[in-house]
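**Student:** Questions regarding the structure given below will be posed in turn.
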Amino acid sequence: MSQPQRPEKVVVDFRGGVIKPYTRKKEVRLSELREYFSNVEEAEKILLKGKDPLIYEYYEYIYSEAAGNLNLGLTIIYPGKIGKEYYMTKGHFHERDAAEFYFCLKGRGMLLMQNKDGEVSVVELEPGSLGYVPPGWGHRTINTGRGKLVFFFAYPSDAGHNYTIIKERGFAMIVVEEAKAPKVVPNPKYHKT
Ligand code: M6P
Ligand code: ZN
């Protein structure tokens, strides 16, 4: 029989934007994200100059991968744009019917969601707001502010991440700066099927 599981404590450092303890840290730089941005040429130009900016990083606390548990963590998206498009996460669907939430601690952003029929929904994030991703909705987070966007997340441990759908089709909408303000506009590169 497996060992009984023991409760644990995790602390969020509101100022530093890190959780303790964490079991995994991942940094995502432009080189890993180039084809996710609508202006790939602009991304290539930056990379050719020898720059590879850090777009986002996350700290995950994985207690156990076994069904019934929660994975939680903290994501920091840095401020910036590639062309007109704000820095953002790759975005993914869950493999199984599993929800997720994003609780914003710092900064300004948007949680962009899309279901398998291509229907889109946007939740604006500012400190104190919680974006709820229902099962079946792909999700991406975008930093539309001038400082870091920091949010806390939790999702079922057996949710699984599917990146292929977003990588191949993109999101129907993208978030760009227009007249100094964030605007959600149709993605010219979106493939519905
Ligand atoms: C949040 C969570 C993670 C996810 C990360 C980055 O922190 O949803 O599970 O990995 O965002 O998003 P992505 O994996 O789509 O780049
Ligand atoms: Zn997710």
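**Student:** Could you grab me the full set of residues in segment 29-56 that are within 16 Å of ligand 2 (Cβ to nearest atom) and in contact with a Lys or Arg (Cβ under 7 Å, 6 or more places away or on another chain)?
**Tutor:** TYR36
**Student:** Looking at the structure I just gave you, is THR144 away from ligand 1 (no atom under 13 Å from the Cβ) and polar (S, T, N, Q)?
**Tutor:** yes
**Student:** Would you confirm whether any residue within segment 64-73 is more than 15 Å from ligand 2 (Cβ to nearest atom) and closer than 19 Å to VAL28 by Cβ?
**Tutor:** No, there is no match, as no residue in segment 64-73 is more than 15 Å from ligand 2 (Cβ to nearest atom) and closer than 19 Å to VAL28 by Cβ.
**Student:** Being in a loop (DSSP other than H, G, I, E, B), touching a Pro at 6+ places or on another chain (Cβ under 8 Å) and of a type outside the set (Ser, Thr, Tyr) is the filter here; which residues of segment 69-103 pass it?
**Tutor:** Applying the first criterion (in a loop (DSSP other than H, G, I, E, B)) to segment 69-103 yields 69, 78-80, 83-84, 87, 89-91, 95-99.
Retained after the next criterion (residues that are touching a Pro at 6+ places or on another chain (Cβ under 8 Å)): 69, 78, 80, 87, 96-99.
Selection gives ASN69, GLY80, ARG96, ASP97, ALA98, ALA99.
**Student:** Under 7 Å between Cβ atoms, which residue pairs at least 6 apart in sequence (or on different chains) link something in segment 131-154 that is of a type in the set (A, V, I, L, M, F, W, C) with a partner that is within 12 Å of ligand 2 (Cβ to nearest atom) and in a loop (DSSP other than H, G, I, E, B)?
**Tutor:** Every condition considered, the pairs that remain are VAL133/ALA99.
**Student:** Could you tell me which numbered condition THR144 fails, if it satisfies all but one of (1) surrounded by 21 or more Cβ atoms within 10 Å (Cβ to Cβ); (2) within 16 Å of ligand 2 (Cβ to nearest atom)?
**Tutor:** THR144 satisfies every listed condition except (2).
**Student:** Sticking with this structure for a sec: Can you tell me which residue in segment 80-118 is nearest to VAL175 (Cα to Cα), limited to those that are acidic (Asp, Glu) and at pLDDT 95 or above?
**Tutor:** Just the residues of segment 80-118 that are acidic (Asp, Glu), to begin with: 85, 95, 97, 100, 117.
So of that shortlist, the ones also at pLDDT 95 or above come out as 85, 95, 97, 100.
On the way: GLU85: 6, GLU95: 25, ASP97: 26, GLU100: 21 Å.
Selected residue: GLU85.
**Student:** Something else: Just to be sure, is LEU105 surrounded by 15 or more Cβ atoms within 10 Å (Cβ to Cβ), out of contact with any helix residue (DSSP H, G or I) (no Cβ under 6 Å at 6 or more places or on another chain) and at negative phi?
**Tutor:** Details: surrounded by 15 or more Cβ atoms within 10 Å (Cβ to Cβ): yes; out of contact with any helix residue (DSSP H, G or I) (no Cβ under 6 Å at 6 or more places or on another chain): yes; at negative phi: yes.
So LEU105 fits the description; yes.
**Student:** Would you confirm whether or not segment 81-102 contains a residue that is among the aliphatic types (A, V, I, L, M) and more than 28 Å from GLU65 (Cα to Cα)?
**Tutor:** Checked segment 81-102: at least one residue is among the aliphatic types (A, V, I, L, M) and more than 28 Å from GLU65 (Cα to Cα).
**Student:** Just a yes or no: is a residue in segment 109-122 hydroxyl-bearing (Ser, Thr, Tyr), in a strand (DSSP E or B) and touching a strand residue (DSSP E or B) at 6+ places or on another chain (Cβ under 6 Å)?
**Tutor:** Yes, segment 109-122 contains a residue that is hydroxyl-bearing (Ser, Thr, Tyr), in a strand (DSSP E or B) and touching a strand residue (DSSP E or B) at 6+ places or on another chain (Cβ under 6 Å).
**Student:** Farther than 22 Å from VAL185 by Cβ and within 16 Å of ligand 2 (Cβ to nearest atom) - does that describe any residue in segment 9-26?
**Tutor:** If we filter segment 9-26 for residues that are farther than 22 Å from VAL185 by Cβ, which is where we start, we get 9-26.
Going one step further and asking which of them are within 16 Å of ligand 2 (Cβ to nearest atom), we end up with 24, 26.
Yes, that holds for at least one residue.
The values are calculated or read from the model by the stated rules, or taken from the named source; none is laboratory data. Because the structure is a prediction, the values reported are computed rather than measured. Using ideal geometry, Cβ is built from the backbone for each residue, glycine included, and neighbour counts are taken over all protein chains shown.
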